[in-house]
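Enquirer: Sharing a structure, written as structure tokens. Questions coming.
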Amino acid sequence: MADLSEKTPPVTRQISRQSLWQSTGEEPLELRAASSRLVVDAAGKKIPFGALYEQQKTVVVFVRHFLCYACKEYVEDLGKIPKEFLQDANVRLVVIGQSSHHHIKPFCSLTGYPYEMFVDPEREIYRTLGMKRGEASITSVQSPHVKSNLLSGSIKSMWRAMASPAFDFQGDPAQQGGTLILGPGNEIHFVHLDKNRLAHAPINTVLQLAGVQTVDFTNRSHITDV
């Protein structure tokens, strides 16, 4: 059994101070309102947000926009989570963006992400859940999942925007994301609201909180045993 004490942060139940959510055992008004909002899949089919976690514990990752270099590299690492790890823990993994649904398949292809992805084109769920618009300083923030620096990453994002047929940023560039572990039903296990493009929750912390085996992202062929 591997010692994870130096590799992953302590397992804690984090409720962001940016959120008004309260740990009262009742469904927060924000989540209740968001649950009826619609998300759209790659085929254009609309389903209520609440259906994603109604029957099963679900990790929901909201990304900034599909041209964000930090989001791309973060989702690339999400795609490295073995399917059997999620199945063994009975946990669903979902990524939500805020572009047109037509961008879902190209983004999945680009990142190698094999799991479910939806969009919230009008950012209704982002706003309802209190996700930040605008970016705090990122000078002192480091992410274990982002390999590009600010300059090279920004250049890559701009190049992809220019190469896009519609020359768009595939979402509002000012919108920040977040990570939630929800379900089944109105259970809330974890809430993290990003303050900037690098402030997303470390994936292994999220996996631990969801009861999923963690992954060594420094080597795809080596799995960390817990």
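The values are calculated or read from the model by the stated rules, or taken from the named source; none is laboratory data. In this text the structure is predicted, and so the values were computed from the model without any measurement. Cβ atoms come from the backbone with ideal geometry, glycine included; neighbour counts cover every protein chain shown. Heavy atoms of the whole protein, side chains included, go into the accessibility calculation; ligands, DNA and RNA do not. Shrake-Rupley method; radii C 1.70, N 1.55, O 1.52, S 1.80 Å.
Enquirer: Just checking, how many residues over the stretch 124-137 are in contact with a strand residue (DSSP E or B) (Cβ under 9 Å, 6 or more places away or on another chain) and open to solvent by 50 Å² or more (accessible area, probe 1.4 Å)?
Expert: Residues flagged as in contact with a strand residue (DSSP E or B) (Cβ under 9 Å, 6 or more places away or on another chain) and open to solvent by 50 Å² or more (accessible area, probe 1.4 Å) within the stretch 124-137 amount to 4.
Enquirer: Right, next: Scan the stretch 176-188 for residues that are touching a helix residue (DSSP H, G or I) at 6+ places or on another chain (Cβ under 9 Å) and either open to solvent by 50 Å² or more (accessible area, probe 1.4 Å) or modelled with pLDDT under 90 (or both) and report the count.
Expert: 1
Enquirer: Scan the stretch 189-206 residue by residue and report those that are closer than 24 Å to Pro82 by Cβ and open to solvent by less than 10 Å² (accessible area, probe 1.4 Å).
Expert: Phe190, Ala201, Ile203, Val206 - these are the residues of the stretch 189-206 that are closer than 24 Å to Pro82 by Cβ and open to solvent by less than 10 Å² (accessible area, probe 1.4 Å).
Enquirer: List pairs: first residue in the stretch 72-96 and basic (Lys, Arg), second residue assigned to a loop (DSSP other than H, G, I, E, B) anywhere in the structure, Cβ distance under 7 angstrom, at least six positions apart or on different chains.
Expert: Lys80/Val215; Lys80/Phe217; Lys80/Arg220; Arg92/Gln56
Enquirer: Further, regarding this structure: Sort out which residues of the stretch 92-112 are open to solvent by less than 10 Å² (accessible area, probe 1.4 Å) and of a type in the set (Ser, Thr, Tyr), and write them in order of number.
Expert: Hit for the stretch 92-112 is Ser99, nothing else.
Enquirer: For the stretch 111-127, enumerate the residues that are among the acidic types (Asp, Glu) and under 14 Å from Glu30 (Cβ atoms).
Expert: Within the stretch 111-127, Glu124 is the sole residue that qualifies.
Enquirer: Restricting the first residue to the stretch 178-193 and requiring it to be part of a loop (DSSP other than H, G, I, E, B), which pairs with a second residue that is modelled with pLDDT of 95 or more and open to solvent by 10 Å² or more (accessible area, probe 1.4 Å) meet a Cβ separation below 7 Å and a spacing of at least six or different chains?
Expert: Once the first residue is part of a loop (DSSP other than H, G, I, E, B) and sits in the stretch 178-193, its partners that are modelled with pLDDT of 95 or more and open to solvent by 10 Å² or more (accessible area, probe 1.4 Å) give Gly183/Glu54; Gly183/Gln56; Gly183/Lys57; Pro184/Glu54; Pro184/Gln55; Pro184/Gln56; Pro184/Lys57; Gly185/Glu54.
Enquirer: Hey, another quick one. Suppose we keep only residues that are hydroxyl-bearing (Ser, Thr, Tyr) and outside any helix (DSSP H, G or I) within the stretch 52-106. Which one would you say is farthest from Leu209 (Cα to Cα)?
Expert: The qualifying residue farthest from Leu209 (Cα to Cα) is Ser100.
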